[in-house]
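FYI, it's all coordinate maths here, none of it is from the lab. A quick note: this is a predicted structure, and the numbers were derived from the prediction, not measured. All Cβ positions, glycine included, derive from the backbone under ideal geometry; neighbour counts span all protein chains shown.
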Amino acid sequence: MPSKDKGTVPTVSPKDEIAAENAAVHVLAQMEAGDFSGIYKGASAGFKQIGSESQFVSKFQQTRLRVGVLKNPRKVSTAVRPDKSIVLVYRVENERYNTDMRLTFSRAEDGKLELAGLNQHDEPKK
């Protein structure tokens, strides 16, 4: 039986980690294609509390115009939060920017993995 020690690091099954990676690849492909509406529609209810679909789409369209299309995702880290959400960080890039994209996935009540968080940090290339 797992310890309830505060120092215990949460873990997920390899199956859940693979499912999260597959979900991340799908979201990253949607980002590259500019399908921001599809990302929003497939996200968790908690994710949608940040604003309306039109606000989300507008924000990411503006970012895309400023940064450009980001490609060639490479996973750089995986972490598990205490609530068992899986956080994957990918490095994506184009000719002008290196970007870290943090994608957080959690299980819905129906068992499906849903996008629960999306953060993008852009660094201009030197």
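Structure summary
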| quantity | calculated |
| --- | --- |
| 12 Å beta-carbon shell around G42, net charge (K/R +1, D/E -1) | 0 |
| Segment 1-122, dipole about Cα centre (Lys/Arg Cβ +1, Asp/Glu Cβ -1), debye to the nearest 20 | 200 debye |
| Candidates per GluC sites (Glu not before Pro) in segment 82-126, loop by DSSP, up to 14 other Cβ within 10 Å | E95, E109 |
| Residues listed by number, segment 99-126, amide nitrogen under 18 Å from K15 label point at 7 Å toward C-beta | 106-114 |
| The chain - mean residue ellipticity at 222 nm from DSSP helices (-39,500 (n - 2.57) per run, n ≥ 4, rounded to 500) | -11000 deg cm²/dmol |
| FRET E, pair Q49, D100, Förster distance 41 Å, beta-carbon r, rounded to 0.05 | 0.95 |
| Acute angle (nearest 10 degrees) that the helix 14-33 long axis makes with the longest principal axis of the chain, alpha-carbon atoms | 10 degrees |
| Unit charges at the beta carbon, dipole of the chain: most positive-side option, Y97, I50, V87 | Y97 |
| Contour excess over end-to-end distance, with Cα ends at K112 and D35 and 0.36 nm allotted per residue | 25.7 nm |
| Rounded to 5, percent antiparallel among DSSP beta bridges of the chain | 95 percent |
